[in-house]
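Student: The structure under discussion is supplied below as structure tokens; questions concerning it will follow.
The values are calculated or read from the model by the stated rules, or taken from the named source; none is laboratory data. Here the structure is a predicted model, which is why all the values come from computation and not from measurement. All Cβ positions, even for glycine, are placed from backbone atoms using ideal geometry, and neighbour counts span all protein chains on display. Side chains are part of the model used for accessible areas, which takes the heavy atoms of the whole protein and leaves out ligands, DNA and RNA. Shrake-Rupley method; radii C 1.70, N 1.55, O 1.52, S 1.80 Å.
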Amino acid sequence: MATYELTVSAPNIEDRSFTKPLLCGPGPCDLWPSVSEALAKPVITPLCDEHYNVIDDIRAGLQYIFQTRNKLVYAVSGSGHSGMETIISNLLGPNEVLLIASRGIWDQRANIIANRYGIKTIIISAPFNTTFSHDTLEVALNKHKPTALFITHGDSSTGTVQNLKGLGEICHRHGAFLLVDTVVSLVGEPFFMDDWGVDAVYTSTQKALSGPAGISPVAFSQFAADKINNRKHEPPFYFDAKLLAQQWNCYGNTRQYHHTLSLPLLWALRQCLREVAKETLPKSWARHAATTAHFHRRIQQMSLQFLVPKPEDRLATVTTIVLPNGYDYVKFYKYIRDKYNILIFAGLGPTVGKALRIGLMGVNSTIEVADAVADAMMGALKVKSLL
Ligand code: PMP
């Protein structure tokens, strides 16, 4: 054997194991057991029938969960941000205007991404524990005449859910596309891409779909696809929807290699979609609503306050809770992790130091899990050292 002078010697990477906590933060959520199994299915090259079949199954499942008959539907290699970057960079070019309805951290991310592509942004804000009225949005659309409006359906940083029904029609009246983030809401809250006139939407697997992060479903309307197919700017190669439509065979007979998709993640996403199809969307939405209603009753019994004052603005998947004066949010959630092995979270972005964020979604949207979290919170509220 030849001898080599290595600049870096082999590290001692030890086996690491830990007792997995119950994941009840705003994401990631625990995996469906069947999804853990699917991750171990065989890998195969991207250019063969077995791989094509997986992709076709996924596209059918995505049309179901987005409730769309549109063709430009596929999954981006990357976490939720890659979906965000995909829809923004494909639909808007330099100097076009993106109107951002801001009430949490994700619209701020959309602003950062858009600015990097030379897209002009206009931000309208609502208090972070509220949502937008369609009248407010229409006034802004009329005033700024943007190419598109970006809005978050479920906001995991604030625990709010935005009413989107009819918003597409308003956007279209003003010549704008409607771009929507459904990372933490899809499958947990009703969503109807076609009926609500949504032009571009993305989600992610690690929330109510109960899968691993790393692959982000996206869908575009025909209106959006027409713009993409006739656009004057080039989005990043890796996120180019025109090329990925060929890889994902969105329009038929174009199974072209673009990049190597992660087959374990495809198997996992496919299995998440099988779980949703088995349960059906209406039952999934009803389960999330019932679990969260139960959890909210428990919170009220503890005399804790919701961050979001209006019940209709409260998101079914993530609840934001205000602790009584004096409690340290970080100490509180860490205590619950240490004592009960349940992982909830403190605030993020506008809610830092203002709320706890508790996620009951996907496989963890059950009365048992809701009770386990509520019991842990009751226990923590008795601990004086957390004050
Ligand atoms: N949008 C929302 C509503 C989210 O909750 C998250 C992640 N917490 C993201 C976007 C970003 O997703 P990711 O971390 O998977 O990139």
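Student: Which one of these is in a loop (DSSP other than H, G, I, E, B), open to solvent by 10 Å² or more (accessible area, probe 1.4 Å) and within 16 Å of the ligand (Cβ to nearest atom): LYS165, LYS207?
Tutor: LYS207
Student: Right, something else. Scan region 168-182 residue by residue and report those that are part of a strand (DSSP E or B) and among the hydrophobic types (A, V, I, L, M, F, W, C).
Tutor: The answer is PHE177, LEU178, LEU179, VAL180.
Student: Name every residue in region 212-233 that is within 11 Å of the ligand (Cβ to nearest atom) and either surrounded by fewer than 23 Cβ atoms within 10 Å (Cβ to Cβ) or more than 11 Å from the chain's Cα centre (by Cα) (or both), in order of residue number.
Tutor: If the condition is that a residue be within 11 Å of the ligand (Cβ to nearest atom) and either surrounded by fewer than 23 Cβ atoms within 10 Å (Cβ to Cβ) or more than 11 Å from the chain's Cα centre (by Cα) (or both), then PRO212, ALA213, GLY214 are the ones that fit.
Student: Return the only residue of ALA40, ALA10, ALA60 being more than 16 Å from the ligand (Cβ to nearest atom) and either in contact with a strand residue (DSSP E or B) (Cβ under 6 Å, 6 or more places away or on another chain) or open to solvent by 90 Å² or more (accessible area, probe 1.4 Å) (or both).
Tutor: Only one candidate passes the filter, namely ALA10.
Student: Same structure again: Would a scan of region 46-62 turn up a residue that is within 20 Å of the chain's Cα centre (by Cα) and among the hydroxyl-bearing types (Ser, Thr, Tyr)?
Tutor: Looking only at region 46-62, we keep the residues that are within 20 Å of the chain's Cα centre (by Cα), and these are 58-62.
Add one more test, that the residue is among the hydroxyl-bearing types (Ser, Thr, Tyr), and what stays is none.
No: zero hits.
Student: So, one more: Sort out which residues of region 123-145 are open to solvent by less than 50 Å² (accessible area, probe 1.4 Å), away from the ligand (no atom under 16 Å from the Cβ) and in contact with a helix residue (DSSP H, G or I) (Cβ under 8 Å, 6 or more places away or on another chain), and write them in order of number.
Tutor: Once the filter is applied, which keeps residues that are open to solvent by less than 50 Å² (accessible area, probe 1.4 Å), away from the ligand (no atom under 16 Å from the Cβ) and in contact with a helix residue (DSSP H, G or I) (Cβ under 8 Å, 6 or more places away or on another chain), region 123-145 yields ILE124, THR130, HIS134, LEU137, GLU138, LEU141.
Student: Go through the residues of region 93-101 one by one and say whether even a single one is more than 22 Å from HIS258 (Cα to Cα), among the charged types (D, E, K, R) and within 15 Å of the ligand (Cβ to nearest atom).
Tutor: Within region 93-101 (the criterion being more than 22 Å from HIS258 (Cα to Cα), among the charged types (D, E, K, R) and within 15 Å of the ligand (Cβ to nearest atom)), the answer is no, since none of the residues qualifies.
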